[in-house]
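Trainee: A single structure is presented below for examination.
The values are calculated or read from the model by the stated rules, or taken from the named source; none is laboratory data. Being a predicted model, the structure only gives us computed values, none of them experimental. For neighbour counting, all protein chains shown are included, and Cβ atoms are generated from backbone atoms with ideal geometry for every residue, glycine included. Only protein heavy atoms, including side chains, enter the accessible area calculation; ligands, DNA and RNA are left aside. Shrake-Rupley method; radii C 1.70, N 1.55, O 1.52, S 1.80 Å.
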Amino acid sequence: MKISNFISQSQALQKSTGADAGTRFAKTIADLAGQVTGSAVAVEGASKAVALGAADPTEVATTIAQAELMLESVVSIRDKVISLYNELVRTPI
């Protein structure tokens, strides 16, 4: 899943209601976590290939940059979710 796919899923999630929204949110987060894991595996494989002289260092640098961007995006989303939760906890009922 690319970041653009995540954005389109987020927009669809905003249009959802109730339990459907919760299910879609959970699926979106699970998909994103799977993609981050895939990026980490790709970086590891690319690093091994460079060490063996079987890959272009430029491709490895690009792979690493994509993985870093993905991780930064996930951390940003996590921070937003935690911030929203804290805001909800402080809201008087």
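Trainee: Hey, can you find the accessible area per residue of the stretch 46-93 for me, probe 1.4 Å, expressed in square angstrom? Intermediate values should be presented prior to the final figure.
Mentor: Numbers: 3920 Å² over 48 residues.
It amounts to 82 Å² per residue over the stretch 46-93.
Trainee: What FRET efficiency comes out for the pair S73/V50, r = Cβ-Cβ distance, R0 = 25 Å, nearest 0.05? If you can, show how the numbers build up before the last one.
Mentor: Numbers: r = 25 Å, r/R0 = 0.99.
After rounding, the FRET efficiency stands at 0.50.
Trainee: Testing the spin-label approximation: label points 7 Å from Cα along Cα→Cβ at T62 and T91. State their distance in nm.
Mentor: 4.4
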